[in-house]
1. Using modelled amide H (1.01 Å from N, peptide plane; none on Pro or chain starts), what sits under 5 Å from the amide H of A:Gly26, excluding residues fewer than 5 places away?
2. Given Cα pairs under 8 Å that are at least 6 residues apart, what percent is the relative contact order of chain B?
3. Apply the Karplus curve 6.51 cos²θ - 1.76 cosθ + 1.60, θ = phi - 60°, to the phi angles in region B:63-68 and return the couplings in whole Hz, x for Gly and Pro.
4. Not counting ligands, DNA or RNA, and with a 1.4 Å probe, what is B:His35's accessible surface area in Å² rounded to the nearest 10?
5. To the nearest 20 Debye, how big is the dipole of chain B about its Cα centre, given +1 on the beta carbon of each Lys and Arg and -1 on that of each Asp and Glu?
6. Can you give the helix-only mean residue ellipticity at 222 nm for the protein assembly as shown, where every DSSP H stretch with n ≥ 4 adds -39500 (n - 2.57) and the sum goes over all residues, rounded to the nearest 500 deg cm²/dmol?
7. Go through B:Asp41, A:Asp56 and list them by solvent-accessible area, largest first, probe radius 1.4 Å.
8. Looking at region B:4-92, which trypsin sites (Lys or Arg not before Pro) are DSSP coil and have at most 15 other C-beta atoms within 10 Å of their C-beta?
Amino acid sequence: MAEALTAAALVALATVALGLLRVIRGPTRADRMMAAQLLGTGGIAVLLLLAVAGGDMAILDVALVLAVLAAFAAAAFVQAARR
Amino acid sequence: MSAAFTLVFVAAGLLFLAAGTAGLLRFPDAATRLHALTKADGLGLGLIVIGLLPQMPGITAALKLLAIWGLVLLAGATIGPLIARHATEREP
């Protein structure tokens, strides 16, 4: 179970890392911000899987903070880009 | 029994995360990419959360998992229109 969940975390990380291609390609700044959002959500998924795989429930708090900060970052991007 | 449940839902969640990434890379427009991002990510993360719920040691950790999922859904619903408006306003 723990090995399977760790492998799942690696798969999730590789999948969203592919999304970083959009940061290089993306014609607009919104595309690059969306790729960063994907990385944030994928990072939350990786943290959740690793928390259960290692039995360390403190990682759930890190995932919670990451979720909040990702929302703040996106809102700050829109606010800064509006000017 | 709960191990099979967890693995099935986590695999389904990973599938939707991959679909969201594929959409982000292959869709032609910023608005369609945004659609793929918010819906697929919310669903993928939600399936992973549902899969991990039986493995939680107590009610507090399970509630924390659901709070994380709710936060990501709310963030997607709030940020989606903001980014879409920015993307369509600045279209050259």
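1. Residues meeting the criterion, in which the H sits 1.01 Å from N, do not exist here.
2. 34 percent
3. My calculation for region B:63-68 gives 5, 5, 4, 5, 5, 4 Hz in order.
4. Solvent-accessible area, nearest 10 Å²: 110 Å².
5. 60 debye
6. It comes out at -30000 deg cm²/dmol, rounded to the nearest 500.
7. A:Asp56, B:Asp41
8. Of the trypsin sites (Lys or Arg not before Pro), the ones in loops of region B:4-92 whose Cβ has at most 15 other Cβ atoms within 10 Å are B:Arg90.
The values are calculated or read from the model by the stated rules, or taken from the named source; none is laboratory data. Model, not experiment: these values are computed from the prediction. We place every Cβ from the backbone using ideal geometry, glycine too, and count neighbours over all the protein chains shown. To get the accessible areas, we keep the full protein, side chains included, count just its heavy atoms, and leave off ligands, DNA and RNA. Shrake-Rupley method; radii C 1.70, N 1.55, O 1.52, S 1.80 Å.
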